Structure formats: C-alpha cells, structure tokens
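Reviewing the structure listed below.
The values are calculated or read from the model by the stated rules, or taken from the named source; none is laboratory data. Computed from a predicted model, the values in this text were never measured in an experiment. Ideal geometry is used to build each Cβ from the backbone, glycine not excepted, and the neighbour counts take in all protein chains shown.
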Amino acid sequence: DAGVIQSPRHEVTEMGQEVTLRCKPISGHDYLFWYRQTMMRGLELLIYFNNNVPIDDSGMPEDRFSAKMPNASFSTLKIQPSEPRDSAVYFCASSLFGGISYEQYFGPGTRLTVT
Amino acid sequence: AQTVTQSQPEMSVQEAETVTLSCTYDTSESDYYLFWYKQPPSRQMILVIRQEAYKQQNATENRFSVNFQKAAKSFSLKISDSQLGDAAMYFCAYSRGAQKLVFGQGTRLTINP
C-alpha cells in the first residue's frame, strides 16, 4: 500500500489567497483526521471524519477553514483567505475501526508558508 | 478534557546507552490507548510503540519498551542501545480508540556519538 498521500508537500502563498490541501487515505480505512503542527501549539486536531461524515470539527480555528470528504478516497482542507498565522505543517492521517489499537497512519505532511 | 504532558523538552544520550523519556496524562476514562511517535527531521510521524490501557503487561518493540503505570497515569519510553538514527522528536499521545490523538509537547532526543 502507498500509505497516506498528501499534496502538495510544500505550499508558499501570499496572505489573502485561497489554499487547498489534499489527502488520499489508505484504501479501506474509514476514519480520516486532519492535524496541524506549529511551534506554539504543537500537534492538534482540526477535524476528523468517519465514513466521509465530519464527526468532530471543534479544532477548526475559524470560518476561514473548511474541510470536505466527498468520497472515501479523498479529502480536502481549504483555507480562504489565508493569513501568516496559518503557516504550519498540516498532517492527514487515516485509521481503520477495529484496527490494532485504532492506530492512525500519517501522511508526510504539507508545509504551508503564508507570506 | 484529556491532556498529555512531556516534562522534558530536550534529552541527550551517548550512543549505545539507555535513555528514558517521560510522559504523564490525565483522563477519567478506563479504556484508552497510548502511543509514542517519532518525528525525524523529515517530519514523518512514525509509530514507535503502542499500549492498550487494559493490558497490564508493558509493551516492547525491539530496543523500545514502555513503563506503563495506569494508577499513576504515567507512560515512559525506554530506548536501549541508543543509535544515531534514534535522534528525533518524540511525542507521547493518547486516544480513546476511534477518536482523535491528543499529543504531548514533544521531547527532542539527541544522540551523542
């Protein structure tokens, strides 16, 4: 299996622009998670889906952030408009209900820089 | 809310020696899972070891082992025979199964040759 795939790996954009991050989970996994990693706040959950349905979006910072999962193989995290404080590494992870310890498998992350 | 605390921002150890990373957590639940993740400079999150709270036996994976003290809510990671490739950030994490991971702040481990 190719593992969790994220694109792009790096994104540099200007303040005010729209940014879309993409994730392809491991085939057959029914949970998908979006995390953000910053120096100030560490690793924190933004949102997670079960069977393509958002379950907990309490970590989404504000209305500028939105996430979708139109099918079991694809999810997007969109920031519009982007701000310098959104600069971070964004991870996507997937897991299988009933899998060993419900282990989450992480993608390589997208490093976002907003200037 | 569950919290995870790693009190050692940085640790260093001589190659081939043993080092222990500390982690404590706070929860009112009885069933949960604990993990140690390694994050090298590549930033990839790599699972090192896992522990189910219902298991009394401490988990072991080759040179990595944990000391799980459920009553004390402590979950430390021991790395034996440290190797240069072990240098990384290590994160302790908690979950209630098919739910989010709650991470500690991380410990940066340096291996001295």
Sole miss for B:Arg43 among (1) within 20 Å of B:Met11 (Cβ to Cβ); (2) facing another protein chain (nearest Cβ under 10 Å); (3) not in a loop (DSSP other than H, G, I, E, B) is condition (3)
Test: residue in region B:35-50 that is farther than 29 Å from A:Leu112 by Cβ and surrounded by fewer than 16 Cβ atoms within 10 Å (Cβ to Cβ)
no
Considering only residues that are free of Cβ contacts under 8 Å to residues at least 24 places away in the same chain, charged (D, E, K, R) and out of contact with any Asp or Glu (no Cβ under 9 Å at 6 or more places or on another chain), which ones fall in region B:18-61?
B:Arg43, B:Lys55, B:Glu61
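Condition check ((1) part of a strand (DSSP E or B); (2) out of contact with any helix residue (DSSP H, G or I) (no Cβ under 9 Å at 6 or more places or on another chain); (3) modelled with pLDDT under 95) across all residues:
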residue	(1), (2), (3)
B:Lys55	no, yes, yes
B:Leu77	yes, yes, no
B:Gly85	no, yes, no
B:Lys100	no, yes, yes
B:Thr110	yes, yes, no
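Residue under question is A:Val19, and the condition is that it be under 19 Å from B:Arg43 (Cα atoms) and under 13 Å from the mean Cα position of the chain (by Cα); does it hold? Break it down into steps so the answer makes sense when it comes.
On the way: under 19 Å from B:Arg43 (Cα atoms): no; under 13 Å from the mean Cα position of the chain (by Cα): yes.
No: the conditions fail for A:Val19.
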Look through region B:53-65, keep the residues that are within 13 Å of another protein chain (Cβ to nearest Cβ) and within 13 Å of the chain's Cα centre (by Cα), and return whichever of them is nearest to B:Val102 (Cα to Cα).
B:Ala59
So A:Arg36 ticks every box in (1) more than 10 Å from chain B (Cβ to nearest Cβ); (2) surrounded by fewer than 16 Cβ atoms within 10 Å (Cβ to Cβ); (3) within 22 Å of B:Pro41 (Cα to Cα) but one. Which box is left unticked?
(2)
Show the residue pairs that are 6+ apart or on different chains and have beta-carbon atoms under 8 Å apart, the first residue being within region A:44-69 and under 17 Å from A:Thr20 (Cα atoms) and within 13 Å of chain B (Cβ to nearest Cβ), the second being of a type in the set (Ser, Thr, Tyr) and surrounded by fewer than 20 Cβ atoms within 10 Å (Cβ to Cβ).
A:Met60/A:Ser66
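From B:Leu84, B:Leu21, which residue is over 18 Å from A:Ser94 (Cα atoms), more than 14 Å from every other protein chain (Cβ to nearest Cβ) and crowded, with 17+ Cβ neighbours inside 10 Å? Break it down into steps so the answer makes sense when it comes.
Working: B:Leu84 fails: crowded, with 17+ Cβ neighbours inside 10 Å.
Sole residue among the options that is over 18 Å from A:Ser94 (Cα atoms), more than 14 Å from every other protein chain (Cβ to nearest Cβ) and crowded, with 17+ Cβ neighbours inside 10 Å: B:Leu21.
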Exactly one of these conditions fails for A:Leu21: (1) away from every other protein chain (no Cβ under 11 Å); (2) within 22 Å of A:Phe97 (Cβ to Cβ); (3) at pLDDT 95 or above. Give me its number.
(2)
Exclusive hit being surrounded by fewer than 16 Cβ atoms within 10 Å (Cβ to Cβ), more than 21 Å from A:Ala2 (Cβ to Cβ) and modelled with pLDDT of 95 or more, set A:Pro81, A:Pro61
A:Pro81
Just give me the residues in region B:87-113 being away from every other protein chain (no Cβ under 14 Å) and in contact with an Asp or Glu (Cβ under 8 Å, 6 or more places away or on another chain), in sequence order.
B:Leu109, B:Thr110, B:Ile111, B:Asn112, B:Pro113
